[in-house]
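Structure first, commentary second.
The values are calculated or read from the model by the stated rules, or taken from the named source; none is laboratory data. Everything numeric in this text was worked out from a predicted model, so none of it was measured. Note that we place each Cβ from the backbone using ideal geometry, even for glycine, and neighbour counts take in every protein chain shown.
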Amino acid sequence: MFSMNSLNIKAKAAILTALCEGNSIASTCRMTGAAKNTVIKLLLEVGEACDAYQDRVLRNLACKRIQCDEIWSFVGSKEKNTSKAGKREGKGDAWTWTAIDADSKLIVSWLVGGRDAGYAHDFMQDVAGRLASRVQLTVDGHRPYLNAVADAFGNNIDFAQLIKVYGQPHDSTERRRYSPAECSGTTIGKTVGSPDVDHISTSYVERQNLTMRMSMRRFTRLTNGFSKKFANHEAAVALHFMYYNFCRQHKTLRVTPAMQAGICDYIWSMEDVLNMVETMDR
């Protein structure tokens, strides 16, 4: 097993790439030969730096259309199985709020925590603070968005809430135990300003939800690779969005979202991410 101090930059890059491509901590250890504590320590260090770096550079963004959503996961145990003591330690359900630019596919903002009005408020305040001008914003039917958007943007927004209508799958009860309800249609809820009906959609942010579940083992359903500590969960999310925004070439765009948004002019390697971390530590 390799310790943190004995790893060169290529070995560290291999560990981080494995984590970003959907591998668990355990499988990453088997693939790279690194000790479990080494992988977790590296994740925490790099995740914290990725969070700070993106918080600094994702500012004054010239976006036109933003889509927002929340994706569920959990830390330690699901909410219904978590004790009061566990909840004080950050265990239980963990929701990740995301905002994506529909044109560049850039993840503009994210927040990990609860799903209540307080988190909705903090999330929308952060989104509003990163935008350079008026945008069209689409969210789902989650009610806390309404007051949060009003507080963050006032009337300086073209806003629409897209509400999905769900029904039960047509197959047997046994088969649908782990299947979500089927979407049978959508309706447009509250609007503010003049949103373009043709662009009232959450399809891009929902596709990003799938990318998150495929790329982070701790988000995969029916797995024992879930996060054991909240700090590890936050670090994994920050690393994922760094990799997605700066390192991963978007298939349709043929560049990274950060390049498409004009934030950088080249595709980052994982070694570039590690060099950024070293610079941030100075």
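General observations
- Filtering region 255-274 for residues that are farther than 27 Å from I9 by Cβ, at pLDDT below 95 and surrounded by 12 or more Cβ atoms within 10 Å (Cβ to Cβ) leaves an empty set.
- Residue match in region 32-54 (condition: within 26 Å of V149 (Cβ to Cβ), out of contact with any Gly (no Cβ under 8 Å at 6 or more places or on another chain), acidic (D, E) and assigned to a strand (DSSP E or B)): no
- Per-region count, region 1-36, residues within 16 Å of K229 (Cβ to Cβ) and in contact (Cβ under 8 Å) with a residue 24 or more places away in the chain: 4
- Residue within region 82-89 that is more than 27 Å from D272 (Cβ to Cβ), within 15 Å of the chain's Cα centre (by Cα) and either hydroxyl-bearing (S, T, Y) or at pLDDT below 95 (or both) present: no
- The residue of region 180-220 that is farthest from I157 (Cα to Cα), among those that are part of a loop (DSSP other than H, G, I, E, B) and at pLDDT 90 or above, is M216.
- Options I267, I200: the member that is free of Cβ contacts under 8 Å to residues at least 40 places away in the same chain and not charged (D, E, K, R): I267
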